[in-house]
Amino acid sequence: EHGDVWATSHLGDDTVSLIATSGAEPWKVVRTLKGQGGGSLFLKTHPASRNLWVDTPLNPDDAISQSMAVFDLDNLEKGFEQLPIAEWADLGEGPKRVVQPEYNKAGDEVWFSVWNGKEQKSAIVVVDDKTRKLKTVIKDERLVTPTGKFNVYNTMHDIY
């Protein structure tokens, strides 16, 4: 409807803004989605996917900071589905903040970092993009605040 769009989430509130980047109204907000809460850092989609994943790791509510909101790009009116990523990680005690969705090269898996306290276990949770079901959990004592799991191929080729 509006051509290519760019999306951004917000730290201070629950909105996700969709901004036209081409067509008759470039750099105009053409749609605003209601997310699960403020405190978002990253959102992600992929050309092979029909999902938009939005994190909220800085939200003070554990139910929000430990989960992920996912929107169906073909039915944005439906709102988001909340997935219990930290629960799936099964890490025990700690803040378990879910952050930074990243796609694999094919666009059929999404990888999430589950940050925990320095002395607690952290993990990476892998979810099937199409079914939105848990595929696997990667745990290792060396995973402390597991950031930087960016897909180099997708980053180098601007696949978002």
Discussion item. So for the chain, averaging the separation of alpha carbon pairs under 8 Å that are six or more residues apart and normalising by length, what relative contact order in percent results?
Written reply: 15 percent
Worksheet item: If the cut-off is a Cα-Cα distance under 24 Å, which lysines reach K133, setting aside same-chain residues fewer than 8 apart in sequence?
Response: K34, K44, K78, K96, K105, K121, K149
Item to complete: Please work out the Kirkwood hydrodynamic radius for the chain, using every pair of different C-alpha atoms, and report it in angstroms with one decimal place.
Response: 16.0 Å
Worksheet item: How many Å³ per residue does the convex hull of the Cα positions in the range 23-116 occupy?
Response: 113 Å³
Worksheet item: How large, in percent, is the carbon and sulfur part of the accessible surface of the range 43-160 at a probe radius of 1.4 Å?
Response: 52 percent
Worksheet item: Can you tell me the accessible area per residue over the chain, all protein chains present, probe 1.4 angstrom, in square angstrom?
Response: 55 Å²
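The values are calculated or read from the model by the stated rules, or taken from the named source; none is laboratory data. Computed from a predicted structure; not experimentally measured. These area figures cover heavy atoms from the full protein model, side chains too; ligands, DNA and RNA do not enter into them. Shrake-Rupley method; radii C 1.70, N 1.55, O 1.52, S 1.80 Å.
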